[in-house]
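**Q** A single structure is presented below for examination.
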Amino acid sequence: MRTKLAAVVALLITTSALVVAPAEADPVEVGRWSAPFWEGGALAYDPPSEETSAMFPAAVSIVALPDGRILYWNGLEGSEDGDAWAGKMDGTLAIYNSRARILDLRGDAPTWTIPTMERGLTDEARDQGTDSTKDMFCADLKQLYDGTVLIAGGSEWRGNYLQDPTTFDGYGDDEARVFDPDTDTFTPVDQMSEPRWYPSMVTLADGRVLITSGLRRVVGSFTYPDTSFSQVRLNEIYDPSTEAWTDAGTHDFSLPLYPRIHLLPDGKVFYASAGQTWAQFGETPDMVTWGEQRVYDPATQTWTAVGQSTYGVRSGATSTLLRLEPPYDEASILVAGGTLGPTPGSWIGTTLSEVIRWTPDGITNQSPALPIDGLTGDPSQLRAQRWFGSSVMLPTGEVLLVNGNELDDVVIPGAGSGVRTAELYDPETNTWRAVATAARDRGYHNTALLLPDGRVLIGGNAPHQAYYTQHTNPAARSNNYRDPTFEIYEPPYLHRGDRPIVSAVAPTQDGRALTLALGEATDAGDITEVVLVRLGAATHTVDADMRAVVLEHSTDGAAVIAALPDGGDGSVLPPGAYYVFAMHDTAEGPVPSIGRTVLVQPDAVNGGVVIATP
């Protein structure tokens, strides 16, 4: 048995990251990547260096704003600028961890602006302070139904390592802030009951936001005097109408950091047995229970175990709620890649891909595949071993998977190699295929989100120092420097000919349906689908609100009328900002229109949700 296991491990290592894009370069088949671009304006640097990587922030956390711009902020900037992870984190470098930017792609060329308070609510006058500094690194973020952005948790750096190493540590932050795109400012809101580093949030059916998990202290959770030996076990719910948090039940088990959670069509929240299980002391004595699939009921404020996942807990896996379609009585969650098991589980990224199916009768796990099946050609499995990939739900129902490494880059930073070739998942056939190849390594702290024109923006890469010593690029390994560049991927559907034209979108009088006015060249009878895709808000490959919903539609002369799910069911279509896409068919496959942005908001009078325009 040991011999067979060793042989499998050896094969996984020697064949890692060998995937390449098909020889066929036709963008109709594989899509197309833009050249990298960045805030510096000139051609993006390559290879990266310490000097160039320190110039601008990288997109470690990112959110699409309703006005078409993109807000993002940095990750481990302080450690890279000071090079040493702890030795120079003396309270003056750590405060630079989350410089924010606003990227505007609406013109002929990308432009960048700096929001008011570049690092959120950090007191920027304390550049030489040594007691405590806070930043938005390791927070989670969610788009609220009024178009603002909730940012909760993050990092607090206390002490001065150089003066007294025993006092220096990273802590979770109990603060929350809201970014307003109308003024480009951050505003504090009610503090949480618990500080949280690496938490996850998800929007509930009524527009409130659930937060769960996260650490109180990064290292000190296992040392005196702040022993807890666990992630935060208190759930809290944020109400945008009151800007206040309320406690929402305490569970007697832990969840991993950044647990992968999703709102189900019955209004409950599903935990998909994935997260980040090794994030420097993010382990707990009960981490073997992380392989349990669980459901949270906001009505009773309790979690219930609903079964054991096929492969146990998976670290750095991507988890995506597949497109919901009428009558919305089932849902599928795609879990792909990552490593297996809690610490000291595997270090090797897998090709494992599984679909977890929900119906009102319960959860069903797909029949398991072996870790080696993807490498030997099984199309239901990934084409490459991939840890920390970022998934993007496309309006066609396909899932794009980009970025990541073939080894867990947090366990041994700098030892893995990047996975540059993107993959597309087809839910109709349950198959993956390799598409075009990007120009950059984007491993730890990468991001990706859908743009309103149907393209996908990819950025990030902010790794720890190689082998936790200093930033350097080991031969044939991933880029070990922060990468402030972006690339844009054009999916194959953008190369299939003319797109349907939606000239305007407006809610009906009762707000329970949408009227799509079409361009003169677009026949209403040719529209095959109307799809709402939620604007992306991602960090650490997690976007728990990622969602695409097909609406039932009819024609009204030259217009298309699309009805909200079940007359406005917020469990299917939770409040927030969405792109509206109209689709028509071609010989090569469906083609979406350019997306129009609408806000789905709670109906305070009749219940459920209604449509509004931003």
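**Q** Over region 496-612, what is the relative contact order in whole percent, taking alpha-carbon pairs under 8 Å and six or more residues apart?
**A** 30 percent
**Q** Can you sort Val410, Val605, Val392 so the residue with the fewest Cβ neighbours within 10 Å comes first? Walk me through the intermediate numbers first.
**A** Details: Val410 24, Val605 6, Val392 27.
Going from sparsest to densest Cβ surroundings: Val605, Val410, Val392.
**Q** Still on this model: So the label point goes 7 Å from the Cα of Asp26 along Cα→C-beta, right? Which residues of region 590-604 then have their backbone N under 20 Å from it?
**A** 590-592
**Q** Further question: Find which of Trp347, Pro590, Gly312 sits farthest along the positive direction of the dipole of the chain, computed with +1 on the beta-carbon of Lys and Arg, -1 on that of Asp and Glu, about the Cα centre.
**A** Trp347
**Q** Okay, moving on. Where in region 476-492 is the amide nitrogen less than 15 Å from a point lying 7 Å along the Cα-to-Cβ axis of Glu428?
**A** 492
**Q** Can you sort Met117, Met287 from fewest to most other Cβ atoms within 10 Å of each residue's own Cβ?
**A** Numbers: Met117 17, Met287 22.
With the fewest neighbours first, Met117, Met287 line up as Met117, Met287.
**Q** Determine the dipole magnitude for region 529-583: charges of +1 sit on the beta-carbon of Lys and Arg, -1 on that of Asp and Glu, nothing else is charged, the reference point is the Cα centre, and the result goes in debye to the nearest 20. It would help to have the intermediate numbers written out before the result.
**A** On the way: 2 positive and 7 negative charges, 36 e Å.
Computed charge dipole of region 529-583: roughly 180 debye.
**Q** Charges at C-beta only: +1 for Lys and Arg, -1 for Asp and Glu. How large is the resulting dipole of the chain about its Cα centre, in Debye rounded to 20? Could the numbers behind the result be given before it?
**A** Working: 40 positive and 80 negative charges, 272 e Å.
Computed about the Cα centre, the dipole is about 1300 debye.
**Q** If each residue's Cβ is checked for other Cβ atoms within 10 Å, how do Ser309, Ser155 rank with the fewest at the top? Please list the in-between numbers first.
**A** Working: Ser309 21, Ser155 25.
The fewest-first ordering by Cβ neighbours comes to Ser309, Ser155.
**Q** Which of the three applies to region 555-614, rounded, prolate or oblate, going by the alpha-carbon gyration tensor with a ≥ b ≥ c and a/c under 1.5 meaning rounded?
**A** Judged from the Cα gyration tensor, region 555-614 comes out prolate (a/c at least 1.5, a/b above b/c).
**Q** Just to be sure I understand the model, the point goes 7 Å from the Cα along the line to the Cβ. What's the resulting Asp510 to Ser49 distance in nm?
**A** Taking the two extended label points, one gets 6.6 nm.
**Q** Region 378-451: which GluC sites (Glu not before Pro) are DSSP loop and have at most 11 other beta-carbon atoms within 10 angstrom?
**A** Details: sites: Glu398, Glu406, Glu423, Glu428; in loops: Glu398, Glu406, Glu428.
Taking region 378-451 and a limit of 11 other Cβ atoms within 10 Å, the loop GluC sites (Glu not before Pro) found are Glu428.
**Q** If you keep only loop residues by DSSP, which GluC sites (Glu not before Pro) in region 484-588 have at most 10 other Cβ atoms within 10 Å of their Cβ? Mind showing how you got there, number by number?
**A** Working: sites: Glu487, Glu520, Glu529, Glu552, Glu588; in loops: Glu520, Glu588.
Loop-located and lightly packed - Glu520.
**Q** Rounded, prolate or oblate: pick one for the chain, where a ≥ b ≥ c are the square roots of the eigenvalues of its C-alpha gyration tensor, a/c under 1.5 means rounded, and failing that, prolate if a/b is larger than b/c, else oblate. Can you show the working numbers first?
**A** Values: a/c = 1.35, a/b = 1.24, b/c = 1.09.
Rounded, because the longest to shortest axis ratio a/c is under 1.5.
**Q** Another question, then. Which one, Tyr45, Met546, Ser417, is farthest towards the positive end of the dipole of the chain when Lys and Arg carry +1 and Asp and Glu -1 on their Cβ?
**A** Ser417
**Q** Additional query: Using +1 at the C-beta of Lys and Arg and -1 at the C-beta of Asp and Glu, which of Phe229, Ala517, Pro27 has the Cα lying farthest in the positive direction of the dipole of the chain?
**A** Result: Phe229, furthest along the dipole toward the positive end.
**Q** Let's test the formula: R0 of 56 Å, r as the Cβ-Cβ distance of Asn606 and Glu39. What FRET efficiency results, to the nearest 0.05? All intermediate terms of the calculation are to be shown ahead of the outcome.
**A** Working: r = 46 Å, r/R0 = 0.82.
Here the calculated transfer efficiency is 0.75.
None of the figures in this text is laboratory data; all of them are computed from the coordinates on show. Note that the coordinates shown come from a computational prediction; the quantities given were computed from them, not determined experimentally. Reconstructed Cβ throughout: ideal geometry from the backbone, glycine too, with neighbour counts over all protein chains shown.
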